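Everything on this sheet refers to the single structure shown next.
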Amino acid sequence: MEKVFNKLNDSQTQAVKQSEGPVLILAGAGSGKTTTIISRLAYLVEGLGIPASNTLTLTFTNKAAKEMKERATDMMESAAYPPMLCTFHKFGLLFLKFHIHLLGRQNNFVVIDTDDKKRIIKKINSELATPLIASEISRYKNSLLNPDDAYKQAESHNYQQIAKVYEAYQANLLENNLVDFDDLIALTYKLLDENSELAKSTSEKYQYIMVDEYQDTNELQLKLLQKLCTSHKNLCVVGDDDQSIYGWRGAHIRNIMEFDQDFEGTSVYKLEENYRSREPILKVANSLIEHNRSRLGKKLIPTRGSGDDVTVLNSSDENEEARKIADKISKLLDSGVSAENIAVLYRVNVLSRSIEEGLNRSGINYKLVGGLRFYDRAEIKDLISYIRVITNFHDDFSFKRIVNKPKRGLGKASVDKIELAAHANGTSIYEYIKKVSVADLELLVKKKNAKTLKKFIKDIAAVAKVVHESTYEFIDVLEDTFHLKDIYKGMADEADRILNMDEFYGLFRDFIKNSPTASLDEFLNELTLQSEQDQVEGESIYMMSIHASKGLEFDHIFIIGLEEGFLPLVGDGSDLEEERRLGYVSFTRAKDTLTLSHTDSRFYKGRRSDLQKSRFFNEAGLCEGSLIVEKNTAFKKGDLVRHKIFGTGRVNGVSKSGREFKLNINFAGTKRDILASFVERL
């Protein structure tokens, strides 16, 4: 037990020891959140004797899951089996592998990524914007709406079209035995919702459930957790309402704000001691977030002592800004700071261009996190498609991508003819080419192409046979059989593409070395679950959006674009409180120094615009006369509240009254002024 408790403060220790019932741990930025959740897991197993296999710990990125698993294993000596510690999507993937047959589906499904999803949608409908359709389909699935429901809800012709695309898209997934990211959770919930015995047995298996970054959960993930708690209420969630920044992709801040209402009898613990940032950084972060009304309330307490004041950079335009930041980074590097300890953050991706140019001029290496991912490159997508077909001959989607790579003389028209003939015969393209005679195939394509296709099918089968004999040698046989590097011969970027392919082959061999019994399916699904943050490694400074930086930390942080319209974004659809949380997240990534940059003008959307300094400078106490911070209230106009005498009412207005806030509340037609501390929010 010494390993579990020797590094914990009092608040962390209390949270770790609260093993039973629903627990909400409000963990401020840099407050040892991961240490607390891992210690709690170790305490359950080592201290209370709970079998590790009866625990389930869920998080959001592979990077976080890997780090947590390594640390948990180090703290648990007696566990016979490692605990289930993974992302929500990985849990869904594993669950579906065991139970998807209950939906009449085969368990050798393949998970498609966002790019695959968009390709399928574009083929079904190229008139409407593909990203819009993809986003709406995702929203439908996370709201548990089927295509019929979506059609009934459609308020315009365009949305009726989207519902029809959704129907065709679902049919395509079923036909090719594919699932998308949203299915991993939606289908898991569907199985638990429709099979009460399965929900009960799954809940009994996972008797202690923990969730990291709970503020990032959406409505469907909450519903899934409620199903997993069918037979108990031992759910411990760790999160920070002040770091809820994913509202735009469905995350619901109400999940953490109202956790005690969703799970009755909740114990709440606050972790406020910050072990990451110097005092001046925390001072501005605390000052900024205090201006949010909708928060549970906590204040980061510095433990690392004082340091350099927060630096404010003002430049006339983005080019001067880039020169100044490149100069500051050069000085840091010259002083011995490692490049990987420096990051440049921005709210809007387009702002990265000028900084990139400035860094290039100064000869500073940088890595753009969230740019074109390694696995999204065409040559890597081709390799993955080959592996998909070898694991599932009936994957028409992947088959069509590779049938003419390297070139086999087949045009789109020929491939379409074969696909139509295969569908008319009720088979996959692979099965059709395999069974039909060369003479019949020649009715659809040229004679030499028919023979080429027959050989292609035989080669796929031969390589697939190798997989069963030696997965490690498979990748060499794949290249030797199909000569995939020849696809890029003569291209201007041939060398880069070949290097990328070699990197992929190396990754595959490492995967098999580390997991000798793993199947190709498992390799493919691990690739699909890669996230933005899995890119962060190596000797270069990092550039990324604030969203991509969440969960990371760097010694030196530069934040650009602190102007009205960029940070915060203002206008239709923007949420000032979420913008403020983004500012708070970006400030608290910094350990030693924080530099905030704003310009008088920027070239944006084809023209140069004059800009106003962000209000966040004032709110963070970085402008003269703005150091006084008003006490926060969790109430705002429109909130429903309850008073022990006057009952339920709605807030009409909020005003300051000394150190308190005064609420004007309408109680069933009678308006009264009540101090905020005398009512509770509903």
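Only one of the numbered conditions (1) of a type outside the set (S, T, N, Q); (2) in contact with a Gly (Cβ under 6 Å, 6 or more places away or on another chain); (3) without any contact (Cβ under 8 Å) to a residue 24 or more places away in the chain is not met by residue 256, and that is (3). Applying the selection to region 334-360, what residues are polar (S, T, N, Q) and either in contact (Cβ under 8 Å) with a residue 60 or more places away in the chain or assigned to a helix (DSSP H, G or I) (or both)? Once the filter is applied, which keeps residues that are polar (S, T, N, Q) and either in contact (Cβ under 8 Å) with a residue 60 or more places away in the chain or assigned to a helix (DSSP H, G or I) (or both), region 334-360 yields 338, 341, 349, 352, 354, 360. Restricting attention to region 543-589, the residues that are of a type in the set (Gly, Ala, Ser), within 21 Å of residue 354 (Cβ to Cβ) and open to solvent by 10 Å² or more (accessible area, probe 1.4 Å) add up to 2. The condition of being at pLDDT 80 or above and open to solvent by less than 50 Å² (accessible area, probe 1.4 Å) holds for only one of 669, 638, 621, that being 621.
Cβ separations smaller than 7 Å between residues 6+ apart or across chains give the following pairs from region 17-36 residues that are closer than 28 Å to residue 587 by Cβ to residues that are of a type in the set (A, V, I, L, M) and open to solvent by 30 Å² or more (accessible area, probe 1.4 Å): 24/268; 26/268; 26/296. Is at least one residue of region 149-167 aliphatic (A, V, I, L, M), under 29 Å from residue 430 (Cα atoms) and not in a helix (DSSP H, G or I)? No, every residue in region 149-167 fails to be aliphatic (A, V, I, L, M), under 29 Å from residue 430 (Cα atoms) and not in a helix (DSSP H, G or I).
Taken over region 80-91, the residue count meeting the criterion of being closer than 10 Å to residue 58 by Cβ and not basic (Lys, Arg) is 7. Each residue in region 173-197 was checked for being open to solvent by less than 20 Å² (accessible area, probe 1.4 Å), farther than 20 Å from residue 135 by Cα and modelled with pLDDT of 95 or more, and 3 pass. How many residues are open to solvent by less than 40 Å² (accessible area, probe 1.4 Å) and touching a residue at least 60 places away in the same chain (Cβ under 8 Å) if we restrict to region 399-427? Here the count works out to 1.
A quick yes/no check of all residues on (1) among the polar types (S, T, N, Q); (2) more than 16 Å from residue 561 (Cβ to Cβ):
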| residue | (1), (2) |
| --- | --- |
| 293 | no, yes |
| 330 | yes, yes |
| 344 | no, no |
| 349 | yes, no |
| 356 | no, no |
| 368 | no, no |
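Of all the listed residues (363, 370), the sole one being among the small types (Gly, Ala, Ser) and either in a strand (DSSP E or B) or over 25 Å from the mean Cα position of the chain (by Cα) (or both) is 363.
Quick check: is even one residue across region 107-128 touching a residue at least 40 places away in the same chain (Cβ under 8 Å), of a type outside the set (A, V, I, L, M, F, W, C) and open to solvent by 80 Å² or more (accessible area, probe 1.4 Å)?
yes
Select from region 442-462 the residues that are at pLDDT 90 or above and farther than 19 Å from residue 407 by Cα and write down the one among them that is surrounded by the fewest Cβ atoms within 10 Å (Cβ to Cβ). Going through the qualifying residues, I end up with 462. Criterion applied to 42, 72, 64 was being touching a Leu at 6+ places or on another chain (Cβ under 9 Å) and not aromatic (Phe, Trp, Tyr), and the one residue passing it is 72.
The values are calculated or read from the model by the stated rules, or taken from the named source; none is laboratory data. Note that this is a predicted model, so its numbers are computed, not measured. Because the Cβ atoms are built from the backbone with ideal geometry, glycine has one as well, and the counts that use them run over all protein chains shown. When the accessible area is computed, the model is the full protein with side chains, heavy atoms only, and any ligands, DNA or RNA have been set aside. Shrake-Rupley method; radii C 1.70, N 1.55, O 1.52, S 1.80 Å.
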